[in-house]
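The values are calculated or read from the model by the stated rules, or taken from the named source; none is laboratory data. On a predicted model such as this, the values are computed, not experimentally measured, just so you know. A quick note on method: Cβ atoms are made from the backbone with ideal geometry, for glycine too, and the neighbour counts reach across all protein chains shown. Surface accessibility is based on the protein's heavy atoms, side chains included, excluding ligands, DNA and RNA. Shrake-Rupley method; radii C 1.70, N 1.55, O 1.52, S 1.80 Å.
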Amino acid sequence: MTEQNTMNDPIWQAVAEERATLVELLRDLPESAWDTASLCAGWRIRDVVAHLVLATRVTVAALVVNLIRARGNTDRLIHDTAVRHADRTPTAALLAQLRATIDSTAIPIGTAPVDRLMDLLVHGQDIAVPLGLERTMPTAAAQLSLERVWTMGAPFHAQSRLAGYSLRTTDTSWAAGDGTPITGTAAELLMVVTGRTSPGELADRQ
């Protein structure tokens, strides 16, 4: 885990804004809503919040221990550590922990600041959509995250998973791929490349 001295970096400013507005969204939720299933299969809303908190606390030692515990499966590691933290942390404390991350510039080894932004944008929808709440993604932040997911490979493998589709945003100049056209806002396409929305849902409306 590293801390970056980037007070005026627009990405970190966007990260802080996403965290702050997510805290506001969660603050007034009834206790029962925290156990609602998120858009991530097998993840409750409280598990998603725990994951966002833990993303600012990763250490090499903890990573090694939890990777062994998860038998080398990184997806299981991420899920299980979030669930364990959520189960042992009262809701009010979990919200306070998320609030405490607002200005954090810590990033796990091997990741970039834009990964924190993308994580917050997508997980914000994972939380808001099942609850029937509207959470708007800023266009510039959504495009940065879309570009990142398209080029990063694992864990989304967007280019191989969406081979045969041509993606184009309607609110920016971003375009990629070749084949059946899919158009939508940067926010909508971010949900497609991260597997939250099927490409057919956007292709069908062309």
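Observations on the structure shown:
- Selection within segment 17-43: residues that are of a type in the set (Gly, Ala, Ser) and open to solvent by 20 Å² or more (accessible area, probe 1.4 Å). The member of this set that is modelled with the lowest pLDDT is Ala41.
- The set of residues in segment 120-147 that are surrounded by fewer than 19 Cβ atoms within 10 Å (Cβ to Cβ) and of a type outside the set (A, V, I, L, M, F, W, C) comprises Pro130, Gly132, Glu134, Arg135, Thr136, Pro138, Thr139, Glu147.
- Residue count, segment 163-206 (criterion: within 20 Å of Asp126 (Cβ to Cβ) and of a type outside the set (Gly, Ala, Ser)): 13
- Residue list for segment 97-112, restricted to those being modelled with pLDDT under 95 and part of a helix (DSSP H, G or I): none
- Pair list, Cβ under 6 Å, 6 or more apart: segment 184-197 residue open to solvent by 20 Å² or more (accessible area, probe 1.4 Å), other residue part of a helix (DSSP H, G or I): Ala187/Ala142; Thr197/Met191
- Residue within segment 81-95 that is at pLDDT below 95 and under 14 Å from the mean Cα position of the chain (by Cα) present: yes
- Residue within segment 77-93 that is on the phi < 0 side of the Ramachandran plot, touching a Leu at 6+ places or on another chain (Cβ under 8 Å) and part of a loop (DSSP other than H, G, I, E, B) present: no
- Any hit, segment 64-75, residues being part of a helix (DSSP H, G or I), at pLDDT below 95 and crowded, with 17+ Cβ neighbours inside 10 Å: yes
- Sole exception among (1) surrounded by fewer than 16 Cβ atoms within 10 Å (Cβ to Cβ); (2) of a type in the set (Lys, Arg); (3) closer than 30 Å to Trp34 by Cβ for Arg116, by number: (1)
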